[in-house]
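Trainee: Here you go, one structure.
Every number here is computed from the coordinates shown, using simple stated rules; none is lab data. Since the model is a prediction, treat every value here as computed from it, not as a measurement. All Cβ positions, even for glycine, are placed from backbone atoms using ideal geometry, and neighbour counts span all protein chains on display.
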Amino acid sequence: MGEVIRAGWLPGFDEAEVGWETLTFTRAGPPVAVEVPVLDAAQIARLAATVRKGAREGLKSRGTAEIVDIVDAAIHRLLDRDDPHRRALDSLLPAITGYDAEMVRVGLTDYLKTFRKPQLTRFLAEDFANPGLLDGFQPTPKGGYARAHGPELLAHVWAGNVPGLPLWSLVSGLLVKAGSIGKVASAEPLFAGHFARLLAEVEPTLGAALGVVWWRGGEGESEAALLAEADVVMAYGGNEALADLARRVPITTRFLPHGHKISFQVIAREALDTAKAWNSAHEAARDIVAFDQQGCYSPQCVFVEAGGALSPREFARALAHELSAFESRFPRRPLDVGEANALAGWRHGQEMRGLAGAEVEVVGGGEAAWSVAFTGTADALDPSVLNRTIRVAAVTDLADVVACVAPRRAYLQSAAIAAAPERLFPLAEALGSAGVTRITALGRMSVLEAGWHHDGRFNLLDLVTITEIEAAAELAAEDLADYLA
Amino acid sequence: MDLSTKNVLVTGASRGIGAAIATAFAAEGAAVAINYLSNEDAAAATVARCREAGGRAQAYAADVTDGDAVRTLAETVLADFGHVDVLVNNAFRAYRFDAERRALFWELEWEDYQAQFEGAVKGAHGLIRALLPSMRARAAGGIVNVASDLVARPSIPYHDYTTGKSALVGFSRNLAAELGPFGIRVNCVAPGLVYPTEASAQTKETLKEQLIAQTPLRRLARPEDVAGPVLFLSCDWSGFMTGQTLYVDGGLVMG
């Protein structure tokens, strides 16, 4: 085992003061040990006080534009493949997550581009007609004035399915000038601490506005301490864990959960003509390959309309070849036993359906690092076992997709649609009514747009509280002025 | 394919395509001489991989465009191995592949062409001259020269590099005509963009996507993809082929 890597970010603490637990990662080959900081309840309270103060001094004293510039500078450091932080992430993230190094490198760059200054400005504009609200009272159309205050302390509970995930909520917190303490996931404990350290290098006064900690799931003391301190809690993870967490969040604290989601693709017959079909398959495969389908935005089923030059069944075979081709470029990570069993079970289940008379074709043998099953009937959208496992479901008309996905309303998130404009909008309308919150292009599912509305919510607006000076207060103040007239 | 009786010399074999070719030969049981220019650690790693794969392997430092160094290399390899059945000329003069900042034709000097011509042809020429007596004495031998699919389809006009590789193809065809009567076959393998290698490490994703979009097999070559055709052209399976160029680019070039 090589040198031990320490995760986390603890302003105001000596590393020797806190406990450290070692997480060992073996999925990608040689074991990698990462030490994560474990704080007791009193230490969490102390960290919370430090971070609140750090946010007051480093963030609340600054204009939003200045904060945007600082984040932009940090992101540009990470976009540079030769920067020491980027080099560390490029080598460590694949080593701990098992994801292919090329995929992490390319995916990380695409992702980081979302947080440069023009994109951050868009992020702000998306949620605030007048981002000046974050800096001071602004006149409102109804009369009076309003100002948006971010929380003093925003708690984050991150998931580890996709590397870099903490950046969304960390940047959201920074833009609304919130102090942040995040709990990293055991599956990916490194990114958040690196970002905090980098931010402190770019602007030392921001170092104390963030804290990054860890505790073992279900260990109540540290978690309870953080939940008690936080004004707002953002949490990512499985629905059971989130429900559990929700029960422990004080009623006065805003809780913003991002749970399990299912996303899918829809390919119209016009995207399957003899010129475009191959590109449709290529882009569909790109979405399936990205982070081995572990994202909330990853497609778990492709609905393919009949009537194009390529039939849905032929599309399934072309998609399988594209997945093979991508395997040579971005190999799938090694599966653990549970995943391998789930996958074998899924293949077996599909084959059994075929033997029982359903129109099912499992493409290719079981040895490939992808699994494609074609089904001739459009059944309800069922969750995939992931790791590049996809069902290609034939539909006779695009509109049929709506009935397939509607039963999953609470879980729906992204739909990638390849269809002509006159069909895109009606389908988007129907899918939106069924619960879909994001419609994107094939091949773009894993690349979230700057300022997107995660699960249909407002990233920044959901974090703030608005203070209003009503017109009456302003008017009443006029009467109390000291001027002589 | 059983190559356990074959002795193979691969130039530029410490990394990238050359290392993949050397390892593939070793996996079929061949004894492989691994020539490298300067990266001793990488050469040692390739030797280790070859041995792990089941072949014999030894590393030899030499600049193949230096006449004296080439003669010494040939003598040393012959002394160690007895004879060489297969020579793979894979080394090339360092070149910066950068589609966005490449030199335009009118920015290139004659010396740039000269350097690439020497990198491609002089290295092959020198080694073949040095090894030919031993091959002729055995009335058998296989020579595989690594060119580029850019010679048939300059997707990006790297003038000097591609001109050098085109010369290597012409050189190989003449040599095939000359050496056929002695039972020595000369062929070329012409890969498309191979990723990842040190030369292609900086290639942008957009360029990769453009090439993939036009490639029937829908991906780029990996170093291992080049090894199969090289092995094929080195063994009896291609015993009646000489003077040919096999394109290894997923069907981007057909010919």
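Trainee: State all residues of segment A:267-290 that are assigned to a helix (DSSP H, G or I) and of a type in the set (Gly, Ala, Ser); if no residue qualifies, say none.
Mentor: So the first thing to find is which residues in segment A:267-290 are assigned to a helix (DSSP H, G or I), and the list is A:269-272, A:277-290.
Within segment A:267-290, A:Ala271, A:Ala277, A:Ser280, A:Ala281, A:Ala284, A:Ala285, A:Ala290 qualify.
Trainee: While we're looking at this one, here's another question. Criterion first (charged (D, E, K, R) and not in a loop (DSSP other than H, G, I, E, B)) does B:Arg173 satisfy it? Lay out the reasoning, then the answer.
Mentor: Details: charged (D, E, K, R): yes; not in a loop (DSSP other than H, G, I, E, B): yes.
Answer is yes for this residue.
Trainee: Now for a different question. In segment B:92-117, which residue that is of a type in the set (D, E, K, R) and either under 13 Å from the mean Cα position of the chain (by Cα) or buried (at least 16 other Cβ atoms within 10 Å of the Cβ) (or both) is nearest to B:Gly16 (Cα to Cα)? Walk me through it before giving the result.
Mentor: Here is the first cut: in segment B:92-117, the ones of a type in the set (D, E, K, R) are B:93, B:96, B:98, B:100-102, B:107, B:109, B:111-112.
Then keep just the ones that are either under 13 Å from the mean Cα position of the chain (by Cα) or buried (at least 16 other Cβ atoms within 10 Å of the Cβ) (or both); that gives B:93, B:102, B:112.
Values: B:Arg93: 14, B:Arg102: 22, B:Asp112: 24 Å.
By that ranking, first place goes to B:Arg93.
Trainee: Does B:Val230 satisfy the criteria of being within 27 Å of B:Leu3 (Cβ to Cβ), crowded, with 21+ Cβ neighbours inside 10 Å, more than 14 Å from chain A (Cβ to nearest Cβ) and touching a residue at least 60 places away in the same chain (Cβ under 8 Å)?
Mentor: For B:Val230, the condition - within 27 Å of B:Leu3 (Cβ to Cβ), crowded, with 21+ Cβ neighbours inside 10 Å, more than 14 Å from chain A (Cβ to nearest Cβ) and touching a residue at least 60 places away in the same chain (Cβ under 8 Å) - is met.
Trainee: If A:Gly307 meets every condition in (1) closer than 21 Å to A:Gly376 by Cβ; (2) crowded, with 24+ Cβ neighbours inside 10 Å; (3) away from chain B (no Cβ under 14 Å) apart from one, which number is that one?
Mentor: (2)
Trainee: Suppose we filter B:Arg185, B:Arg153 for residues that are surrounded by 15 or more Cβ atoms within 10 Å (Cβ to Cβ) and touching a Gly at 6+ places or on another chain (Cβ under 8 Å); which single one remains?
Mentor: Numbers: B:Arg153 fails: touching a Gly at 6+ places or on another chain (Cβ under 8 Å).
B:Arg185 is the lone residue from the list that is surrounded by 15 or more Cβ atoms within 10 Å (Cβ to Cβ) and touching a Gly at 6+ places or on another chain (Cβ under 8 Å).
Trainee: Quick check on my filter: what residues within segment A:80-105 are within 14 Å of another protein chain (Cβ to nearest Cβ), hydrophobic (A, V, I, L, M, F, W, C) and more than 19 Å from the chain's Cα centre (by Cα)? Walk me through it before giving the result.
Mentor: Going through segment A:80-105, the residues within 14 Å of another protein chain (Cβ to nearest Cβ) turn out to be A:80-82, A:87, A:90, A:94, A:100-105.
Add one more test, that the residue is hydrophobic (A, V, I, L, M, F, W, C), and what stays is A:101, A:103-104.
A:Ala101 - this is the single residue of segment A:80-105 that is within 14 Å of another protein chain (Cβ to nearest Cβ), hydrophobic (A, V, I, L, M, F, W, C) and more than 19 Å from the chain's Cα centre (by Cα).
Trainee: Have a look at A:Asp14, A:Asp40 and point out the one that is surrounded by fewer than 19 Cβ atoms within 10 Å (Cβ to Cβ) and touching a residue at least 60 places away in the same chain (Cβ under 8 Å).
Mentor: Working: A:Asp14 fails: touching a residue at least 60 places away in the same chain (Cβ under 8 Å).
Residue meeting the stated conditions: A:Asp40.
Trainee: Contact list please: Cβ distance under 6 Å, first residue in segment A:107-134 and in contact (Cβ under 8 Å) with a residue 12 or more places away in the chain, second residue of a type in the set (Asp, Glu), pairs at least six apart or on different chains.
Mentor: Correct list of pairs: A:Arg116/A:Asp72; A:Lys117/A:Asp72.
Trainee: Taking segment A:327-370 on its own, how many of its residues are more than 14 Å from chain B (Cβ to nearest Cβ) and of a type in the set (Phe, Trp, Tyr)? Spell out the reasoning first.
Mentor: As a first pass, look at segment A:327-370 and keep what is more than 14 Å from chain B (Cβ to nearest Cβ): A:332-368.
From what's left, of a type in the set (Phe, Trp, Tyr): A:346.
Residues that pass the stated criteria total 1.
Trainee: Among the residues of segment B:123-150, write down those that are assigned to a loop (DSSP other than H, G, I, E, B) and surrounded by 18 or more Cβ atoms within 10 Å (Cβ to Cβ).
Mentor: First, pick out the residues of segment B:123-150 that are assigned to a loop (DSSP other than H, G, I, E, B): B:139-140, B:147-148.
Answer for segment B:123-150, where residues must be assigned to a loop (DSSP other than H, G, I, E, B) and surrounded by 18 or more Cβ atoms within 10 Å (Cβ to Cβ): B:Ala147, B:Ser148.
Trainee: Report, ordered by the first and then the second residue, all pairs with beta carbons closer than 6 Å, sequence separation of six or more or different chains, a first member in segment B:95-108 that is within 18 Å of B:Lys165 (Cα to Cα), and a second member that is surrounded by 10 or more Cβ atoms within 10 Å (Cβ to Cβ) and among the hydrophobic types (A, V, I, L, M, F, W, C).
Mentor: B:Phe97/B:Ala199; B:Ala99/B:Ile156; B:Ala99/B:Leu207
Trainee: Follow-up. Would you say A:Ser324 is within 14 Å of chain B (Cβ to nearest Cβ) and within 20 Å of A:Asn279 (Cα to Cα)?
Mentor: Values: within 14 Å of chain B (Cβ to nearest Cβ): yes; within 20 Å of A:Asn279 (Cα to Cα): yes.
Here the answer is yes, as A:Ser324 does meet what is asked.
Trainee: Can you tell me which of (1) over 26 Å from the mean Cα position of the chain (by Cα); (2) of a type outside the set (D, E, K, R); (3) within 14 Å of chain B (Cβ to nearest Cβ); (4) farther than 18 Å from A:Gly107 by Cα is the one A:Ser280 doesn't meet?
Mentor: (1)
Trainee: Also: Any chance segment A:286-300 includes a residue that's surrounded by fewer than 21 Cβ atoms within 10 Å (Cβ to Cβ) and more than 14 Å from every other protein chain (Cβ to nearest Cβ)?
Mentor: yes
Trainee: Scan segment B:1-11 residue by residue and report those that are surrounded by fewer than 24 Cβ atoms within 10 Å (Cβ to Cβ) and either within 7 Å of B:Asn35 (Cα to Cα) or of a type in the set (S, T, N, Q) (or both).
Mentor: Here is the first cut: in segment B:1-11, the residues surrounded by fewer than 24 Cβ atoms within 10 Å (Cβ to Cβ) are B:1-7.
Result: B:Ser4, B:Thr5, B:Asn7.
Trainee: Further question: Can we say A:Arg27 is assigned to a helix (DSSP H, G or I) and of a type in the set (Lys, Arg)? Give the derivation first.
Mentor: On the way: assigned to a helix (DSSP H, G or I): no; of a type in the set (Lys, Arg): yes.
No, not satisfied.
Trainee: Something else about it: Report, by residue number, each residue of segment A:61-76 that is crowded, with 18+ Cβ neighbours inside 10 Å and either among the hydroxyl-bearing types (Ser, Thr, Tyr) or over 17 Å from A:Thr121 (Cα atoms) (or both).
Mentor: Matches in segment A:61-76: A:Thr64 only.
Trainee: All but one of (1) in contact (Cβ under 8 Å) with a residue 12 or more places away in the chain; (2) on the phi < 0 side of the Ramachandran plot hold for A:Glu367; which doesn't?
Mentor: So the condition that A:Glu367 fails would be (1).
Trainee: Considering only segment B:196-218, I want to know if a residue exists there that is on the phi > 0 side of the Ramachandran plot, free of Cβ contacts under 8 Å to residues at least 40 places away in the same chain and within 14 Å of chain A (Cβ to nearest Cβ). Explain how you work it out, then say what you get.
Mentor: Step one: of segment B:196-218, the residues on the phi > 0 side of the Ramachandran plot are B:218.
Next, only the ones that are free of Cβ contacts under 8 Å to residues at least 40 places away in the same chain stay: B:218.
So of that shortlist, the ones also within 14 Å of chain A (Cβ to nearest Cβ) come out as B:218.
Among the residues of segment B:196-218, at least one is on the phi > 0 side of the Ramachandran plot, free of Cβ contacts under 8 Å to residues at least 40 places away in the same chain and within 14 Å of chain A (Cβ to nearest Cβ), which makes the answer yes.
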